[in-house]
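This report refers to the structure that appears directly beneath it.
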Amino acid sequence: MSSQANESLGLGPNAEVLFEAADGVAIVTMNRPQYHNAQNSKMTYALDEAFRRAAADDAVKVVILRGAGKHFSAGHDIGTPGRDIGESFERVSLWPDHVGKPGGEMLYTREQEVYLGMCRRWRDLPKPTIAMVHGACIAGGLMLAWVCDLIVASDDAFFADPVVRMGIPGVEYFAHAYELNPRIAKEFLFMGERMDAQRAYQMGMVNRVVPRAALDATVQGMAAKIAQMPRLGLSLTKQAINHVEELQGKRAAMDAAFAWHHFAHAHNELVSGDKLGGFDARAMAASQRTGEEKAA
């Protein structure tokens, strides 16, 4: 498969994901800037296709994931006009279609496919991946950054997982205690506050922090250097380090957290009639604003 340039995935000029590849580097761009790259199913399946294309292209050595517009990603789509939780898509795993399933089975089945399953597959992509993070990286946005091997952030980037406000123990791809010291991970979740890029760097979650104006050039330079390495050597090195995380219990821990996550959804629906505990996109966004921003 030859390298491709400026090819959009999806339909029409407003495709949710853009893909281009040249000089050994594939660039995958989330393209819902008007909604701060909130991830609906259409975007998630397009991301899966983009990563598959990068994996299948022997000329691609490294993959960059980035977001168009002001922010990397505001997380899962829980309130835009493009929210498509009730739509069917062609399955990419052995889990069945979630549409029409009763009770908790609907959401559990859907999130096994589009969140936990896809994130694990992207994390195991046998080529190095770099998340290029600017602006907000919130909740589901963390999952997209965390599946990447390297994270390079601009100095205006911030990270947060505020879903404990919903009574839910963190996002579905529960890597918090692997990305952060466990005590810091507890603070991150208990408080639901933003972590700025510099502290994320100090915690080891981020590889480098650079000025916003230098972000693209820095990531492109790192990708070009990685692309000079032998393809098999890169794949084996990534596999070896990922294996260490598995020996540390990452997969088993994530399976348990995913089950607790869905118990929380079911509990919310029983006591409030809403799986998200009454929070919508507007309320969650408001919870992340500082006092100065609220007054503005």
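Placing +1 on the Cβ of every Lys and Arg and -1 on the Cβ of every Asp and Glu, with nothing else charged, gives the chain a dipole about its Cα centre of roughly 460 debye. Relative to the dominant Cα principal axis of the chain, helix 250-272 is inclined by about 30°. Note that the range 112-127 has calculated 3J(HN,Hα) couplings of 4, 7, 8, 10, 5, x, 5, 4, 5, 5, 5, 4, 8, 3, x, 9 Hz, one per residue in order, obtained from phi through the Karplus relation 6.51 cos²θ - 1.76 cosθ + 1.60 (θ = phi - 60°); glycine and proline are x. Each peptide in 141-151, 231-241 gets a packing score, the mean of other Cβ atoms within 10 Å over its residues, and the list from highest to lowest is 141-151, 231-241. Listed by chain and number, the lysines whose alpha-carbon sits under 21 Å from that of Lys186, ignoring those within fewer than 8 places in the same chain, are Lys250. With a Förster radius of 30 Å applied to the beta-carbon distance between Glu49 and Gln239, the computed FRET efficiency rounds to 0.85. The simple spin-label model puts a point 7 Å past each Cα toward its Cβ; for Arg121 and Lys186 those points are separated by 3.7 nm. Multiplying the residue separation of Thr109 and Ala286 by 0.36 nm and removing their Cα-Cα distance gives an extension gain of 60.8 nm. Could you list the residues of the range 151-179 with an amide nitrogen less than 15 Å from a label point located 7 Å from the Cα of Asn207 in the Cα-to-C-beta direction? Under 15 Å, as judged by backbone N against the label point of Asn207, lie 151-154 of the range 151-179. Couplings 3J(HN,Hα) of the range 73-78, computed from phi: 6, 8, x, 5, 6, 10 Hz, in residue order, whole Hz [Karplus 6.51 cos²θ - 1.76 cosθ + 1.60, θ = phi - 60°; x for Gly and Pro]. Taking amide hydrogens as placed 1.01 Å from N in the peptide plane, the amide H of His76 sits under 5 Å from those of Gln39, Gly140, Gly141, each at least 5 positions away in sequence or on another chain. The angle separating the long axis of helix 182-191 from the principal Cα axis of greatest extent in the chain is about 50 degrees. As a calculated quantity, the FRET efficiency between Thr80 and Ala259 at R0 = 35 Å, using C-beta atoms, amounts to about 0.80. When peptides 116-127, 209-220 are sorted by average Cβ neighbour count within 10 Å, with the highest value leading, the order is 116-127, 209-220. For Glu269 and Glu87, the difference between the fully extended length at 0.36 nm per residue and the C-alpha to C-alpha distance is 63.5 nm. The 3J(HN,Hα) values that the Karplus relation (6.51, -1.76, 1.60; θ = phi - 60°) gives for the range 32-49 are, in residue order, 10, x, 5, 10, 6, 6, 4, 8, 8, 5, 4, 5, 5, 5, 5, 4, 4, 5 Hz. Gly and Pro appear as x.
FYI, it's all coordinate maths here, none of it is from the lab. The shown structure was predicted, so the numbers you read here are calculated from the model rather than taken from an experiment. All Cβ positions, glycine included, derive from the backbone under ideal geometry; neighbour counts span all protein chains shown.
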